[in-house]
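Engineer: For reference, the structure I am asking about is given below.
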Amino acid sequence: MELKQVIKTYVDYRTKMQALGYASYIISWDSETEAPVGCLEERSKQVGVLSEMSYSLERSNEYIETVKKLYENLDSLEDVLKVEIKKVYKDLMNSLKVPMEELVEYSILISKAQSIWADAKVNNDYKKFEPILDEIIKFNKRYVKYLETDELKGYDVLLDMYEEGMTKEKYDKFFSLLKSEIVPLVHKINKLEQSNNLFKNKLFDINKQKEFAEYIMDVMGFDKSRGLIKESEHPFTSGYGTSDVRITTHYYEDLLISSIFSCIHELGHATYEQQCNPILDETLVGGGASMAMHESQSRFYENIVGRSYEFWERHYPKLQSFFKEELKDVSLEDFYKHVNNVECSLIRTEADELTYPLHIMVRYEIEKLIIESDVDVCELPTIWNNLYKEYLGIDVPSDKEGILQDVHWAGGSFGYFPTYALGSAYGAQMLDAMKKDLDFEKEINKPNLKAINEWLKEHIHIYGATKNPDELINIATGMSFDATYYVEYLKNKFSKLYNL
Ligand code: ZN
């Protein structure tokens, strides 16, 4: 068969898979935001049919042969297709290494685990979760064995799945730097007398919060003709291509700050999606390059821009104009300190910018043990609690606020957590590079973030997923990942804030 014909066959398959993917995306968006609870059972049958359809396309002999053929002719393909086929081929070969019966069994196990975990968490009953966690871990260990290559062994297989090119060796280096430089800083701050009562007993009207969110959307340049915002329990961003990017947020009367920053965070993800090159929309290499790269953008906007003094110097008067009574005694300086308050706390998702990576470090250490040693699942809560004591200096009073707090392990995600911390670190390295091209403090003090958006678009977003993370960070900063930028950024910012 002629190559042109092979490409056409591939594109036909891709078009069908994209359409099915789009349908699943809309259904899951609707389920998370608006669908009545009563429809969910019927709906899960329809979702099952859709995923079977897309699975049978991906596993058809014709499709597999087509991808193999294109992979054999990589040099004759044009650039974007070449990158796409490399990626598709790698994923396909990996998925073919695992026996289908095991994958099916595993997906049933995972769907059962969700409710068992939720139940165990509510009832603070780790013992209930233990047996199924053990099964999930055993599967993951087998899974790793199937996928091991000459270069990638053990935990590295999983780390590479979530962030191509990252290995235990690189993460170890990263986290040991955090351990030696950031843990002592956190302990020092923890010993200081602190009061954090600024907003105690204050309530903030939800409609006004929504109006302020609209204002922030404009500041950040969110294009509403290609995106929208709704509410959900846990904020998230989803989308399909550059023309349909959706975020959710949540509003609580007593939690003004958390609403604002979760909104900025999700808008950061959305900016990345909206600023990708639209010609990639119909390919499988549109959207963000990797987990950590996506998180680098959301955290860049949330923390580096959003928790800066200059940003609030510009926008705090606006916030005050919405909440005249509530904020009349809160100065800009107090507000700035408040949004950067460091607290050694138990819950990862509520952690501040400085302690956040330490929560990740705990999970990373435990995942290493889980995948690469014979640690018994019954020992994990004690290990968890000891690590919290060591890194954050706090006692964990219950498993509910300890090892049971995150859904990730119940979902079979091992190797995912470290990308959160890596994302923040990528962001700090990008900041350093950005500062060589523009006056950062001046730009975030302006009415909108146009110049920042432009820089990130040109150096990161435009490439979509056509580059791997290492290539991208090299394009953006002229060098591979280097954690010292992050450590220096954190040390500078928080030593100044706490006069250390
Ligand atoms: Zn995020």
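Engineer: Projected area of the chain, taken from the Cα convex hull and averaged over every viewing direction, in nm²?
Structural biologist: So the mean shadow area of the Cα hull is 24.0 nm².
Engineer: Please give every one of the aspartates and glutamates within straight-line cross-link reach of Lys450, meaning a C-alpha to C-alpha distance under 17 Å, and leave out same-chain neighbours fewer than 8 residues apart.
Structural biologist: Glu214, Asp218, Asp223, Glu273, Glu302, Glu310, Asp437, Asp439, Glu441, Glu458
Engineer: Given the pairs Lys188/Lys457; Lys210/Lys457; Lys82/Lys435; Lys90/Lys128; Lys97/Lys127; Lys121/Lys210, which are separated by over 29 angstrom at their Cα positions?
Structural biologist: Over 29 Å apart, Cα to Cα: Lys188/Lys457; Lys82/Lys435; Lys90/Lys128; Lys97/Lys127; Lys121/Lys210.
Engineer: Kindly give Rg over Rh for the stretch 36-173, based on alpha-carbon atoms, with the Kirkwood expression for the hydrodynamic radius.
Structural biologist: Rg/Rh: 1.04.
Engineer: Moving on to the next point. Of all the stretches in the chain, which is the longest one without any exposed loop site, taking trypsin sites (Lys or Arg not before Pro) in a DSSP loop (any state but H, G, I, E, B) with at most 13 other Cβ atoms within 10 Å?
Structural biologist: The longest such stretch corresponds to 329-500.
Engineer: Would you kindly derive the ³J(HN,Hα) couplings of the stretch 85-102 from the backbone phi angles with the Karplus curve 6.51 cos²θ - 1.76 cosθ + 1.60 (θ = phi - 60°), listing them in order in whole Hz, with x for Gly and Pro?
Structural biologist: 5, 4, 5, 4, 5, 4, 5, 5, 4, 4, 5, 6, 6, 9, x, 4, 4, 5
Engineer: Once both labels are modelled 7 Å past Cα along the beta-carbon direction, what's the Asn341-Asn445 spacing in nm?
Structural biologist: About 2.7 nm, to one decimal.
Engineer: Starting from the amide H of Gly239, placed 1.01 Å from N in the peptide plane, find each other amide H under 5 Å away whose residue is 5 or more places distant or on another chain.
Structural biologist: Arg246
Engineer: Over the chain, what relative contact order in percent results from Cα pairs under 8 Å that are six or more residues apart?
Structural biologist: Details: 600 pairs, mean separation 94.3, N = 500.
RCO, the chain: 19 percent.
Engineer: Show the residues, 5+ positions off or on another chain, whose built amide H is closer than 5 Å to the amide H of Glu231.
Structural biologist: Thr249
Engineer: Specify the angular offset, from 0 to 90 degrees and rounded to the nearest 10, of the alpha carbon long axis of helix 206-220 from the longest principal axis of the alpha carbons in the chain.
Structural biologist: Roughly 70 degrees, rounded to the nearest 10.
Engineer: Do any GluC sites (Glu not before Pro) in the stretch 315-409 lie in a DSSP loop with no more than 10 other beta carbon atoms within 10 Å, and if so, which?
Structural biologist: Glu325
Engineer: Cα centroid distance between the stretch 459-475 and the stretch 384-415, in Å?
Structural biologist: 33 Å
Engineer: Please give the helix 417-437 orientation as an angle from the longest Cα principal axis of the chain, in degrees from 0 to 90, rounded to the nearest 10.
Structural biologist: With both axes taken from Cα atoms, the answer is about 70 degrees.
Engineer: Helix 168-191 sits at what angle to the longest principal axis of the chain, using alpha carbons and giving 0 to 90 degrees rounded to 10?
Structural biologist: 20 degrees
Engineer: Treating only the Cα positions of the stretch 144-303 as identical point scatterers, give the base-10 log of I(q)/I(0) from the Debye formula at each q in 0.20 Å⁻¹.
Structural biologist: Log-scaled intensity ratios, in q order: -1.18.
Engineer: Now for a different question. Could you go through the stretch 465-470 in sequence order and give the Karplus-derived ³J(HN,Hα) for each residue, using 6.51 cos²θ - 1.76 cosθ + 1.60 with θ = phi - 60°, rounded to whole Hz, and x for Gly and Pro?
Structural biologist: So the Karplus estimates, Gly and Pro as x, are 9, 7, 10, 7, x, 5 Hz.
Each reported figure results from applying straightforward, stated rules to the coordinates on display, with no laboratory input. What you are looking at is a predicted structure, and each value in this text was computed from that prediction instead of being measured. Backbone-built Cβ (ideal geometry, glycine too); neighbour counts: all protein chains shown.
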